[in-house]
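Quick notes on the structure that follows.
Each value in this text was obtained by applying a stated rule to the coordinates, not by laboratory testing. Model, not experiment: these values are computed from the prediction. No Cβ is skipped: glycine too gets one built from the backbone with ideal geometry, and neighbour counts run over all protein chains shown.
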Amino acid sequence: MPAPALRTARRVTALVGALAALVLVVSCGRPSSLDPIDNSAAYARFNAMSGQSRHDTLVREAKKEGSVIVYTTSDAVSDIVAPAFEKKYGITVSVYRATTETLRQRILQEADAGRPLNDVVETNDIEMAILNQKHLLGAYRPDVPGVDTRARLPFMTGAYFIATLPVHNSRLVKSADAPRQLSDLADPRWKGKIALEQNDDNWYLSVYRYFHQHGMSDADFTTMMKGIAANARPVSGHLTSHDLLKSGQYAVFVTDFLHYVTGQAPGAVDYKPAVGPVNLQVLGAVPMRGAEHPAAATLWSDFYLTDAQPLLNNVSGIPTNPSAIPGYRAPLAADDEVVEDWQTLLTSGPAWSAAYDNLLSGKGPVLPKGAS
């Protein structure tokens with residue numbers, strides 16, 4: 001019998017092939033063979049349930065549906081969560097893994113071709129907000145009281161936070177010399193020794209919001225960030241850049257992901273002392289409005305907030321339901337954390353992206369007009 005990962009890969013290959021054929025038919029002017037589905041009534045019924053009754057109903061109906069298709073940005077879903085879900089419920093999970101942009105494009109293409117082919121989408125807050133604007137998400141209301149209130153957004157309930165913060169190479173930076181605050185990295189002694197991910201405009205917005213709310217003027221913020229950018233090398237790709245940090249290509253990766261540190265054996269890199277502000281991006285799983293398997297989609301999303309929390313801890317990020325993890329200890333102080341401003345990213349994302357690009361390239365302006 002094939003291994004779970006191989007079975008998943010085969011199911012995804014077949015799924016992608018079916019999609020390609022569907023999109024080809026529609027692009028040639030012929031109507032899609034898929035009828036749109038609206039599961040609003042089913043989700044309203046599930047949302048009205050609670051406790052064991054809700055769980056038993058979802059399990060019973062999900063087993064009748066027999067399978068669930070998950071589109072995700074996380075390797076942990078296919079490698080860890082999907083096998084655990086299949087083992088517990090005996091429900092087949094098909095996983096498609098892609099970048100956030102590719103995932104969104106695929107879902108929108110499928111919607112244009114008739115309806116999305118996935119039952120659940122797992123991605124970040126801003127991508128979810130875009131899909132919600134297109135009326136593609138189901139109305140999901142979990143019966144999980146322990147979830148962090150900061151993760152309860154109008155269109156999703158996040159299962160974990162991805163934390164972005166400075167991480168230093170422990171061999172190159174002694175603990176006594178490590179930066180204590182973000183402004184430290186504007187010091188000329190860090191010239192050529194730090195790196196900034198070139199696509200982290202969401203982090204840049206959160207940093208601006210944090211310092212603005214703490215009384216820093218736009219002029220002082222601009223001076224600080226220009227000093228940091230002048231010392232930094234722009235890099236691309238968090239995982240690749242984290243590996244370069246470990247190898248000693250630079251001393252500090254200013255916009256590293258916390259779970260790349262906590263998910264590995266201690267030694268090469270460290271985030272302590274934590275340098276705030278720390279951007280928290282909300283990620284989670286939401287059933288699709290047009291899901292072919294609405295009960296399985298809801299059961300999966302409930303699983304993501306409960307049984308999957310210990311599986312996601314450290315591997316994917318900071319769990320939003322720590323009550324599901326015995327002996328859980330928060331890796332960061334809450335005072336250093338800022339939940340990213342998805343509303344502004346949704347309405348003014350291009351302006352912040354352009355400002356951040358200007359910062360990294362030494363141009364101006366480095367703040368959008370009317371930023372404050």
Non-local amide H neighbours of residue 235 (under 5 Å, H modeled in plane, Pro and chain starts lacking H): which ones?
196, 197, 198
By its C-alpha gyration tensor, with a ≥ b ≥ c as the square roots of the eigenvalues, how is the range 251-372 shaped: rounded for a/c under 1.5, else prolate for a/b larger than b/c, else oblate?
oblate
Taking 30 Å as R0, compute the FRET efficiency from the Cβ-Cβ separation of residue 236 and residue 346 and round it to 0.05.
0.80
Alpha-carbon centroid distance for the pair the range 199-216 / the range 66-123, whole angstrom:
32 Å
The chain, dipole about Cα centre (Lys/Arg Cβ +1, Asp/Glu Cβ -1), debye to the nearest 20:
480 debye
Can you tell me how much longer the chain between residue 133 and residue 175 gets when fully stretched, taken as 0.36 nm per residue apart minus their C-alpha distance, in nm with one decimal?
10.5 nm
What is the distance in Å between the Cα centres of the range 348-365 and the range 239-318?
26 Å
Whole-Hz ³J(HN,Hα) from phi, Karplus 6.51 cos²θ - 1.76 cosθ + 1.60, for the range 264-270, glycine and proline x
10, 5, x, x, 5, 10, 8
Dipole-positive endmost among 98, 169, 135 within the range 88-173 (Cβ charges, Cα centre)
169
What angle do you read, to the nearest 10 degrees and between 0 and 90, between the alpha-carbon axis of helix 100-112 and the longest principal axis of the chain?
30 degrees
Karplus-derived HN-Hα couplings along the range 194-209 (A = 6.51, B = -1.76, C = 1.60, θ = phi - 60°), whole Hz, x at Gly and Pro
10, 9, 10, 5, 6, 10, 8, 5, 5, 4, 4, 5, 5, 4, 4, 4
